Amino acid sequence: MHSFKRLRLPEDGEAIKVEDGKLHVPDKPIIPFIEGDGIGSDIWKATQAVVDTAVHKAYDGQRRIVWLEVFAGEKALQTYGELLPEDTLRAIEQFIVAIKGPLTTPPFGGHRSLNVTLRRELDLYACVRPIKWIEGVPSPVKHPEKVDLVIFRETTEDVYVGIEWEMGSEGAKRLIQLLKEEFGVRLPEDSGIGIKPISERATKRLMRKAIAYALENNRRSITIVHKGNIMKFTEGAFAKWAYEVAVSEFREHVVTQQELEQGEGVTKDGKLLIKDVLADNMFQQVLTRPEDYDVLVLPNLNGDYLSDACAAQVGGLGMAPGANLGDYHALFEPTHGSAPKYAHKDVANPSSMILSAAMMLQYIGWKEAALLIWEALGTTIKAGKVTQDLARQMGNGARALRCSEFAEELVKCIWSFKKGLNARRHP
Ligand code: NAP
């Protein structure tokens, strides 16, 4: 048990524990939350109201989340005088599962991304994004209902983690010199330099997680997405190691595309299909043949791009949930940023954060409550009750609600459901 500098732990509630390789979730788990910057306070209030209602309704008041506010970003600066206090990291570490709002990162200098620091400090190596359309949400594609993807993106490596040296710095000069003298590689003197490490261990643990998820959730295939044709020892190795995990650790449950094409008499036979696609082609495939893809596994940077491109097909970042997962630790978060121009105006769309909370409920095994949230969002949006970002794309039938009004509609909708909703598949 950590001792905290400023956090006051709630008097009721218990910590989620990991025992025998499994999460043990009490009826009143303590779950830390970070409100977030910009629109964070508006969307958090909406999320908390919806989640508390869904949990109460699903379990007749027998279960309840005991929320513990922890601080990062602006609010942490006011409370602790620093952007990411040790208390916050230790609380998430201790209570295992947490949720956060968006945090602002200044571009071109200033502090490094707090999101990246949180992932690194807590070793949350898989960023998971389910991408599925909710009926009624405006979409730029003709058949958004064909998109049903879950993206597993590695988050501790690759150029994305920012190991880099500024043009003209001592480090850049020395590296340019070293590359020339030791390796015969000539770079322009006025180069900034970034490093792209991709390791066997990080790749394999990501793939292991994706396969476990795919098997548990009866998904059809996993596609490894990479640029191995160009970057053989990073992206190419990523694909190679991912295949190795599949065939060496999950042999009975998987079949590879190559085995299907070349092996005599080999059939899919209910197994999980493992295939790979080059990243540039994948951007095309998700638009032209989304129904051929299911779980996607990617290195950090391409995973970042593809996650947002796919989210756009089902209504944009305002509608896409996300989670950062470690072996057991999990930090759920909306996929959009702090949208400063809408801060404290009560107009932001809270759906991404609400869906992230539903994902969190699923993660702790409270599937009935997650289902209520998913269904309430579908029903409310279909009735044309949406926030301004969706209303402006939907035309006549839609009413632009404030963020808080939208949450009230969801709460009403959850209370109106009869017991025993049909458990339709949702991510
Ligand atoms: P952003 O905050 O996601 O906002 C970009 C635009 O997306 C907004 O202007 C708005 O579009 C729309 N939008 C995003 N979320 C919305 C919501 N919930 N409801 C309605 N509209 C929404 O991206 P950004 O402006 O590039 O980044 C702002 C800050 O957030 C930056 O400091 C960035 O580093 C940070 N960020 C944080 C995270 C995170 O915490 N995980 C992720 C991404 C970015 P319209 O203007 O078209 O209405």
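Derivation of every value follows stated rules applied to the coordinates shown; laboratory data play no part. Predicted model only: the values in this text are computed from it and were never measured. Reconstructed Cβ throughout: ideal geometry from the backbone, glycine too, with neighbour counts over all protein chains shown.
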Inset, instruction - List every residue whose amide H lies under 5 Å from the amide H of A400, counting only residues 5 or more places away in sequence or on a different chain, with H placed 1.01 Å from N in the peptide plane. - result: none
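Any idea what the relative contact order of the chain is, in percent, if you count C-alpha pairs under 8 Å spaced at least 6 apart?
22 percent
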Legend entry - From phi via Karplus (6.51, -1.76, 1.60), per-residue ³J(HN,Hα) for segment 343-357 in Hz, x at Gly/Pro: 4, 6, 9, 6, 10, 5, 7, x, 4, 4, 6, 5, 5, 5, 5
Inset, instruction - Excluding residues on the same chain fewer than 8 positions from K173, give the lysines whose Cα lies under 30 Å from its Cα. - result: K196, K227, K232
Inset, instruction - Determine Rg/Rh for segment 1-67; Rg is computed over alpha-carbon atoms and Rh is the Kirkwood hydrodynamic estimate from the same atoms. - result: 1.01
Legend entry - Hz values of 3J(HN,Hα) by residue in segment 4-12 - Karplus curve (6.51, -1.76, 1.60), Gly and Pro given as x: 9, 6, 10, 6, 9, 6, x, 6, 9
Legend entry - Euclidean distance of C-alpha centroids, segment 318-389 and segment 198-248, integer Å: 28 Å
Legend entry - Rounded to the nearest 20 debye, dipole of the chain from Cβ charges on Lys, Arg, Asp, Glu: 920 debye
Inset, instruction - Please give the net charge around T380, taking every other residue with its beta carbon less than 9 angstrom from that of T380, where Lys and Arg add +1 and Asp and Glu add -1. - result: +2
Legend entry - Kirkwood Rh, Cα atoms: Rg over Rh of the chain: 0.98
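When DSSP beta bridges are limited to those with both residues in the chain, what percentage is antiparallel, rounded to the nearest 5?
40 percent
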Legend entry - Helical contribution to [θ] at 222 nm, DSSP H n ≥ 4, -39,500 (n - 2.57), averaged over the chain, rounded to 500: -12000 deg cm²/dmol
Legend entry - Burial order of peptide ranges 386-393, 345-352, 258-265, 133-140 (average beta-carbon count within 10 Å, highest first): 345-352, 386-393, 133-140, 258-265
Legend entry - Cross-link table K382/K412; K28/K57; K146/K240; K146/K209, entries beyond 19 Å C-alpha to C-alpha: K146/K240; K146/K209
